[in-house]
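Everything on this sheet refers to the single structure shown next.
The values are calculated or read from the model by the stated rules, or taken from the named source; none is laboratory data. Keep in mind it's a predicted model, so treat the numbers as computed, not measured. Virtual Cβ from ideal backbone geometry, glycine too; neighbours counted across all protein chains shown. Heads up: the accessible areas ignore ligands, DNA and RNA and are worked out on the full protein's heavy atoms, side chains in. Shrake-Rupley method; radii C 1.70, N 1.55, O 1.52, S 1.80 Å.
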Amino acid sequence: MDQVVIARSLFGTTMGFHIIFATLGVGIPLMILFAEVMKLQTKDPDYTTMAMRWTKGFAVLLGVGIPTGTIAAVQLSLLWPEFMEVVGKVIALPFQIEIFAFLLEALFMSIYVYAYDRLSPTMRIVSVALVAFGAVLSAVLITNVHAFEATPEGFRMVNGEVVDVRPWDAFFNRSFPVTATHVMVSAWMTGAFTIASIAAWKMLRMKKKDMRLYAFHRKAMMLGLVVGGVFSILTAFNGHDSAQHLYHDQPEKLAAAEWLFETETYAPLLIGGTLDRETLEVKNAIHIPWALSFLSGNRFDTEVRGLNTWPRDEWPPLFIHTLFNGMVLIGGLLTAMSVVGFGWKRILKRDVFPSWMMWGFVTAGPLAMLAIEFGWIFSCTGRQPWIIYRIMRTADATTSATNLGMLFVLFTAIYVFLCVSVVAVLRYYFNRHPLEKELADL
Amino acid sequence: MNMTVTDEIIAVTLIWLFVFVYAIAAAIDFGAGFWSFFYRNRKKNNMSRIANRYLSPSWELTNTFIVLVVVGLVSFFPGVTRVLGAVLLVPFSIGVLLLAVRSAFLVYSHSVDRYKKTLILISGLTGIFIPALLILVLPITYGDMIDTSGGVERLLWGELLASSSTYAYIAFAVTSTLFLSSLLLSDYAHVSEDHEAYRVYRRDALILGPITLLSSVAVVVTMQFDAPWMYENLFANQSWILASVVAFALGYWAVYVKKPRLATLAVVTQYLLAATGYGRAHLPYLVYPGVTIESGFTAESTFHALFISYLVGFAILTPGFLYFWKLFMTDRQYLKKR
């Protein structure tokens, strides 16, 4: 395999793995914060128990999330030195501020976890709010660099040299607001649905119906569904803005996502289908007439540029169509699920959920995580062949160091091992500390 | 060299300060992990517990600092990323892999009682290898181990493994890790009024102090052959090094007369003084002879923006650090809790 492919595989694997923990690291603290707030509102001690159990799980996840984040930071410099040279000169601010956000999160995480019994209720909320704030700020700032790669601003390249650097212009690049919002709301959504999934699973697996436990899990599930539902709707709105950003700033990514080869007005939206790579003919896809034009410019006669406008070596890989579809489809499904769940409990006033519905909820967390993975792969591979859009090609930024293949195997093995072990540890801990016992101890 | 305070000097001083803070914090962190493993089987006393109590709230913070070092270096001196990225790829990759295993197992060991000892064994031992790997960046920047033929930098593994400097630095990293951590834990045990743990950690510090000093002498002696340019510079900065030896003597004396807080402070000062002399001797080179602080420097406007972000960032975080310190380092009720 060639150097660029191995380097991308290595970094992609690191990010694909880290992103699971990073997303939960943003989403779960918000849920813990909501649980603490619910406790203060309702005086229901169940919410304290929830907050503590989620915190325990979160602390274990951090054990993997933090070191994989460190690996990602180090690998960036090791694998893409030419890119990082530009980053260092132009877009160093977000990385730097991210460290402060991360320090804030780490400080108050330790305080919240290890000094829990010595904190007043208000300080608990303040601490966990700062954890949640630090976590989401880190995510937003890292996304800032990602946004910069798509819409680089704040500098000029003259004969391969970076000149005329305006770091704040680079920071507030065009796609930053929409991209950062997307990452933020989708992470909160995923954290919430993950909680809902686990609660639904517990309710389904309950051998004899203990209404006390059932009620506990139902509270957790409803909290997850409501929070997840709200953020899934926000994600959908923001997704619309994201598509318009693509239309303006990365039109070839949008064209590849929609398999649009000829420039058209009244362009249709394509769902599914297969592509003949020779003739570039799309078969079996569902066409929604005029929808792509409308999505891009809010008018049916908006002209959307097709891929043939660009030379072949600047095309993104065409499989991103599937990722794009998958992401949007899952988003829609998740919104539907939370509406159904909310309606069942609050409008129809039913306390027990049918198991077909519960199985749906069980899939919500994993589906949300899948959408996150789809989204990141879509966004990063969709930018190819550029590492900095229209300024630096990925191939020109790659390290010259050899033996990347060996490192790829080594890192992948470690990720598999960490993945298996973290699940084993979580299972072990929660089997040894069942909810029944904790509720009985109250 | 003659120092005028330029932006480059400010930047490199900040980076070196971060490296220093990380080195001290990480030494204590990894050392505590090692002692927690080393004393895991003792029934009578609480050495392992003291080490763990220190370790639990602090490892995340320490870990943040390594990211700060990497990010700081890349943002202040982007010109150095290409060469260091190429030559450090393998040693640092292995380093961060070990770090990942170590952190994960450390966290696991709090959750899984049955395998606690195995988990502590793995996190304790991996923790000792990490400083040994990370410190290799210092002899590598001497320059002789980097092949630059064909415009592509490569690490010469043969040179690295054959160099006596390599082993001097590794010995220095490992002994310093153990010395600093035993010293801090003796202080921590002292404040916690755990007399038995204090006695044992004090004894360890007494044994390790002279060994650490010997290994740092070995670093200087080998430098004479492997980096004569730096050895010469170090000679010009000898007052820093001498002051550092004096601080060591004071610290060691304080261990002896059972003033652990003074001992810790004096020894940290010792490392700070030595690091200052060492850092000054290394200038103007980041990687000898190709990359200097001038050639590798970032864009001026970026530096100024970064500098302001540091001031604001640390101003915001300081109350948090103080609160953290109050909760975990000075709350006697908490420290004494069995």
Original post:
Can you list the trypsin sites (Lys or Arg not before Pro) in region A:187-261 that are in a DSSP coil and have 12 or fewer other beta carbons within 10 angstrom?
Top reply: A:Lys207, A:Lys208, A:Lys209
Original post:
How big is region A:317-442 by the Kirkwood estimate over distinct Cα pairs, in Å?
Top reply: 19.3 Å
Original post:
Evaluated at 4 °C with a viscosity of 1.567 mPa s, what Stokes-Einstein diffusion coefficient in µm²/s does region A:361-432 have when Rh comes from the Kirkwood expression over alpha-carbon pairs?
Top reply: 82 µm²/s
Original post:
Taking Cα pairs under 8 Å and at least six residues apart, what relative contact order does chain B come out at, in percent?
Top reply: 21 percent
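Let me check against my output: what whole-number percent is the relative contact order of chain A, with C-alpha pairs under 8 Å and at least 6 apart?
Reported relative contact order: 19 percent.
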Original post:
What residue among A:Leu418, A:Leu223, A:Leu260 shows peak mean-square fluctuation when chain A is described by a Gaussian network model with Cα springs under 10 Å?
Top reply: A:Leu418
**OP:** Heads up, I need the accessible area for B:Leu262: 1.4 angstrom probe, whole protein in place, Å², nearest 10.
**Re:** 70 Å²
Subject >> Largest-first principal axis extents, alpha carbons of region B:83-137, Å >> reply: 45, 14, 11
**OP:** Mind listing the long-range amide H neighbours of B:Val291? Cut-off is under 5 Å, sequence gap 5 or more, other chains count too, H placed in the peptide plane at 1.01 Å from N.
**Re:** B:Leu286
Original post:
Build a GNM of chain A with springs between Cα atoms under 10 Å: which of A:Ser186, A:Ser232, A:Ser379 gets the top mean-square fluctuation?
Top reply: A:Ser379
**OP:** Could you check which residue among A:Ile271, A:Ile347, A:Ile377 shows the biggest mean-square fluctuation in a GNM of chain A with a 10 Å Cα cutoff?
**Re:** A:Ile347
Subject >> Computed [θ] at 222 nm, deg cm²/dmol, chain A (DSSP H ≥ 4; -39,500 (n - 2.57); rounded to nearest 500) >> reply: -24500 deg cm²/dmol
Subject >> trypsin sites (Lys or Arg not before Pro) lying in DSSP loop within region B:102-147, provided at most 15 other Cβ fall within 10 Å >> reply: B:Arg114
Original post:
In Å, what Rg and Dmax follow from the Cα atoms of chain A?
Top reply: 23.1, 73
Original post:
Over its Cα atoms, what ratio of radius of gyration to 2.2 N^0.38 Å does the protein assembly as shown give?
Top reply: 1.00
**OP:** Report the local net charge at B:Leu136: Lys and Arg +1, Asp and Glu -1, summed over other residues whose C-beta lies under 14 Å from its C-beta.
**Re:** -3
**OP:** Work through the residues other than A:Glu82 whose Cβ is under 15 Å from its Cβ and net out their charges, Lys, Arg +1 and Asp, Glu -1.
**Re:** -1
Original post:
Which residues does a label at A:Leu40 reach in region A:104-133, if reach means a backbone N under 13 Å from a point 7 Å past the Cα toward the Cβ?
Top reply: A:120-130
**OP:** Could you state how much accessible area is buried at the A-B interface, both sides summed, with a 1.4 Å probe, in Å² to the nearest 100?
**Re:** 5700 Å²
**OP:** Would you calculate the separation in nanometres between label points at A:Lys283 and A:Ile391, each defined as 7 Å from the Cα along the Cα-to-beta-carbon direction?
**Re:** 4.4 nm
Original post:
Relative contact order for region A:61-142: what is it in percent, counting Cα pairs under 8 Å that are at least 6 residues apart?
Top reply: 34 percent
Subject >> For region A:242-255, Karplus couplings with θ = phi - 60° (6.51, -1.76, 1.60), whole Hz, Gly/Pro x >> reply: 4, 5, 5, 4, 4, 4, 7, 9, 9, x, 6, 5, 5, 4
Subject >> Residue-wise HN-Hα coupling along region B:219-230, computed from phi with Karplus coefficients 6.51, -1.76, 1.60 (Hz; x: Gly, Pro) >> reply: 4, 5, 4, 5, 4, 3, 8, 8, 8, x, 4, 7
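If we count every other residue with Cβ under 11 angstrom of B:Thr298's Cβ, Lys/Arg +1 and Asp/Glu -1, where does the sum land?
Charge balance near B:Thr298 sits at -3.
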**OP:** Round to the nearest 10 and report in Å² the accessible area of A:Arg312, as given by a 1.4 Å probe over the protein chains' heavy atoms.
**Re:** 150 Å²
**OP:** Among A:Met203, A:Phe172, A:Ile20, flag the residue with its Cα farthest along the positive direction of the charge dipole of chain A, charges on Cβ as +1 for Lys/Arg and -1 for Asp/Glu.
**Re:** A:Met203
**OP:** Could you pull out the pairs from A:Lys56/A:Lys219; A:Lys56/A:Lys345; A:Lys208/A:Lys349 whose alpha carbons sit more than 27 Å apart here?
**Re:** A:Lys56/A:Lys345
Original post:
Considering only DSSP states other than H, G, I, E and B, which chymotrypsin sites (Phe, Trp or Tyr not before Pro) in region A:150-185 qualify as loop sites with at most 16 other Cβ atoms within 10 Å?
Top reply: A:Phe172
Original post:
What's the longest bit of chain B with no exposed GluC sites (Glu not before Pro), using DSSP loop states and at most 13 other Cβ atoms within 10 Å as the test?
Top reply: B:1-192
Original post:
Under 5 Å between amide H atoms, partner at least 5 residues away or on a different chain: which partners does B:Ile146 have, H built in plane at 1.01 Å?
Top reply: B:Leu156
Original post:
For labels at B:Val220 and B:Arg40 in the simple 7 Å Cα→Cβ model, what's the distance in nm?
Top reply: 3.9 nm
Original post:
What accessible surface, in Å², does a 1.4 Å probe find on B:Ile28, ignoring ligands, DNA and RNA and rounding to the nearest 10?
Top reply: 10 Å²
Original post:
How big, on average over all directions, is the shadow cast by the Cα convex hull of chain B, in nm²?
Top reply: 17.5 nm²
**OP:** Can you work out the accessible area per residue across chain A, with the rest of the protein chains kept in place, probe 1.4 Å, in square angstrom?
**Re:** 41 Å²
**OP:** Output ³J(HN,Hα) for region B:142-155: one whole-Hz value per residue in order, computed from phi by the Karplus curve 6.51 cos²θ - 1.76 cosθ + 1.60 with θ = phi - 60°, and x for Gly and Pro.
**Re:** 4, x, 5, 9, 10, 8, 10, 5, x, x, 10, 7, 9, 7
Original post:
Quick one: ranking B:Ser181, A:Ser355 by accessible area, 1.4 Å probe, largest first, what do you get?
Top reply: A:Ser355, B:Ser181
